[in-house]
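What follows is a set of notes on a single structure, which appears directly below.
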Amino acid sequence: MPKVSLTDKAYGQIKEWIIGFDLKPGTHLSIQDLAQALGISRTPVREALSRLEQEYLVVRSPMKGFAVKSVKLDEIEDLFDVRTAIELLAVKQAAKRITPEKCRQIAESLEKTAIWIRKGEISRCLKLEQNFHLRILEASGNIALEEIGRGILERIWAIQHLNIITSDALSLAHQHHREIFNALEQKNPRQAVAAMRKHMQRTTRELITRLHNQDDIIHNAITFDLKRWQPKK
């Protein structure tokens, strides 16, 4: 197994904190504080933040340093439009190419999710819900599509996570996932696309509605005013 560099370690952990909403949009990222939290020097942390900047998860200001990137509402809508297009293509190709092993992995993940939902352990479901969509990208057998899809999904996971833990949407989403999986297992591309389209339309519609509601926690969490953070000219 290849040795993980300190930069890779910092990159992976900070990215997980951002996606998991432990580091919220607009949060100033102190290199010194992050280095102490990770138990490493500042250089790999700085290199990790530069990588995350290239992935649009972090922004940098000449006078203030790094911060978790805030996302405008119209940008979020554009991201979800792109996500839908990618997921529909991925599930169509996956329905033709999915292997028995990948089917087994998805089935096991769905069963674990069902257990945690019944127990009310919503936070334990977040990674499993994320993995469901990642496994479909993998099952598509389309490397370029998987790479692009992962990048888009990583940019919206923080929003999705917050949406899940502050709503009752998880049970319905899990039901949709089962419908999608049934179509994949039957190797039925048309049914798989129809099930994924229904899932994407409902998920997107509900999230966008919440984002436009100024009284909603998601609207207030995501729409951090970056101008307050950037230095005055």
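Rule-based calculations on the coordinates, nothing more; no lab input. Source: prediction; values computed, not measured. Ideal geometry is used to build each Cβ from the backbone, glycine not excepted, and the neighbour counts take in all protein chains shown.
Observations on the structure shown:
- Between S30 and R150, the distance separating the two model label sites (each 7 Å from Cα on the Cα→Cβ line) works out to 3.3 nm.
- Placing a pseudo-label 7 Å from each Cα along the Cα-to-Cβ vector at Y56 and A107 gives an inter-label distance of 3.7 nm.
- In the chain, the longest principal axis of the Cα atoms and the axis of helix 189-212 are about 40 degrees apart.
- Put in line by how crowded their Cβ is, counting other Cβ atoms within 10 Å and starting with the fewest, E101, E77 read E101, E77.
- The range 174-222-the range 17-90 distance, computed between alpha-carbon centres (Å): 24 Å
- The length gained on full extension between E77 and E16, counted as 0.36 nm times the residue separation minus their Cα-Cα distance, comes to 19.7 nm.
- Segment R190-I208, extension gain: residue separation times 0.36 nm, minus the distance between their alpha carbons: 3.8 nm
- Modelled spin-label separation between N182 and M63, with each label point placed 7 Å from Cα along the Cα-to-Cβ direction: 5.9 nm.
- Cα-based reach from K127 at 19 Å (exclusive), listing aspartates and glutamates while leaving out same-chain residues under 8 positions away: E16, D22, E87, E108, E111, E138, E146, E147, E154, D168
- When the Cα gyration tensor is reduced to axis lengths a ≥ b ≥ c, the ratio a/c stays below 1.5 for the range 6-69, which is therefore classed as rounded.
- The charge dipole of the range 73-219, taken about its Cα centre with unit charges on the Cβ of Lys, Arg, Asp and Glu (plus for the first two, minus for the last two), comes to roughly 720 debye.
- The chain: angle of helix 170-185 to the longest principal axis, Cα-based, in degrees nearest 10: 50 degrees
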